[in-house]
Each structure stands twice: as C-alpha cells, then as structure tokens.
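What follows is a short report on a single structure.
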Amino acid sequence: MLRSHANPAALLIVTASLLPSLGGCLGNGLPWGQLTATMEASFAPSTGRLDDQGRLKTASNYVVAIDQVSVGFDAFSLVLAAQGSASFDPANPPDGYSLCHNGHCHSDSGALVDYEDIALEMAGGSGGARLVVGLETEPKPLGSESSVVAVSPCDTGVCEVPLGELAGLEVNVATVSISGTAYDTLTGEAARLTDEGYAFDVTVPVNVALTAEIEGSIGPGQPVELNLAIDFKFPAAVFDDVDFGAAPPVDDQSWLQILSAALTDHAELTPNLTRPSN
C-alpha cells in the first residue's frame, strides 16, 4: 500500500460542554491551551507473525490470507481532571469497584475494567472535562505503511483547552471491515478445514473505545500549545481465539464479539504529546 501524506495539522474543535470553573483564558486573552493533532493507523504484523506466503499466523495453527482490513473511527477525546483532584489508587478503588489486581478491577456489574478506564472515569467525574474531536468515519484501508486518518478541522479561530490535568486519551473505533481466507496448517486426519479453506468478508459496527494515558498540566506557567500525534495499530492477534474449523464465525454477531475483543485486548494506541518550551 502506498504511504499517505499528512496535510498540515488542523486545529481542533472542542465539542465538550466545559464547566465554568474550567473555562477562561490568560490575562492577555490567550486560552489556557491550544491543541493541534494528527492521527495515523496501520496493520503491520511482525515478520514472525507471517508465513513464507505472507499469510497471518494464528495461535490455533491456522494461517489467514487477508485481502483487506479497513477501520472507521468516530472521534477521539482528551480527558482532563480538575487540578488537585484525586487520582486512581488500586488499593482504594472508587464506589462500584473492588478487588483490583493485575491491571483491572471487578465492577459491581461483574465486568473486569482496566485501571486506565477507571482513572478516566474518575477524571471525568471530578469536575474535569472531556474534549471530543471528530475523526474520519469512512473506513480507512490499513497496511504496513501508516495511513493518515483525517481530523475534523476547527470551525472557529481558536480551539481552547481548559484549565486542568491531562488524564488520558480515548479513541472510538466505529467499524471494522475485513476479508480473507483461513487455511489449516494441520494435515491428514488432524486437518480441520478443506484445502479450499474458510473464506469471509464482513463489516461490523464495533463501537469500541480504546484508552491510553497522557500526562501534563494545562494552566499558568505551562506552554499554551499542545501537539498531539496519535498512532493506532490494528492487532495481529485478531484471529488468535478463532477456531475456523470447529467454530467458525457465521454471522455478524459472532464477528462483532471477535473483533471487539481483539481490539480491546490487543490493539495498540500510542499518543505522543509534545509542547514547546516556555
């Protein structure tokens, strides 16, 4: 796939409703923070994940000849906590959570919730703010070369970031489209698929929110400019839990569960926040 070239980074719209205590500007009329951002996405399995024909190896001794992978996004959010608000402590989880260990807590609903997600939830409920910025929704074909995901430009002259402490980044994946053919590497009586393999071509609305930590303070004495580069990598482990021979996914609901779990557990989301010196 040819590499896409990024346009100049666009200033971003702050679409969240900000609390009055977090709004405002510096004395000379400048905002507390001004954000620019870019985003790239790729699907680049390591060489150890590919066989000599370029097919993706899975943990269940299948290989998958992938025709295409496309991902559509919805938006990304910067989550800010009010300055001085409490941070997440696994030894003292907030109401609704207990038994925190190995990077997650048990919620009252019975689900396991990652520390990062709880920290963002606490930040958003601590008098903080969530800045929501639109991303390209049309599914983007992904390959080994990074593709640019368009960021919604700003409608007004200044896109302000309110006073607070940066708590994290959340990127919402809206849809995944994937097609290819799975083949069995087991032969003879152990083979689970015919030589023709198992072909699939599916598009599902996954609606998965991926999170990553971001640190920094927005306020007096800090640089106004924030430059955020977001890197998303579709997981090579996408089919590791799929047994194409014994229990192949046969409908959209099956694929929704597979792709949502793969994104939640294995997708890589890396934010790189840089700021000029004072």
- Scan the stretch 182-208 and report the pairs whose first residue is on the phi > 0 side of the Ramachandran plot and whose second residue is surrounded by 14 or more Cβ atoms within 10 Å (Cβ to Cβ) and aliphatic (A, V, I, L, M), with Cβ atoms within less than 6 Å and a gap of 6+ or a chain change. G197/A182
- Query: Which fully enclosed strands (runs of 3 or more DSSP E) of the stretch 3-111 have 3 or more residues being at pLDDT 50 or above and among the small types (G, A, S)?
  - Reply: 33-42, 62-81
- Query: For the stretch 242-259, what are the residues that are under 13 Å from I178 (Cβ atoms), touching a residue at least 40 places away in the same chain (Cβ under 8 Å) and surrounded by 14 or more Cβ atoms within 10 Å (Cβ to Cβ)?
  - Reply: V242, P249, W255, L256, L259
- Going through the stretch 231-257 one residue at a time, which ones are within 16 Å of the chain's Cα centre (by Cα) and either under 15 Å from T175 (Cα atoms) or at pLDDT below 95 (or both)? F232, K233, F234, P235, V238
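The values are calculated or read from the model by the stated rules, or taken from the named source; none is laboratory data. Bear in mind that the values here come from a model prediction, so they are computed numbers and not experimental data. Cβ atoms come from the backbone with ideal geometry, glycine included; neighbour counts cover every protein chain shown.
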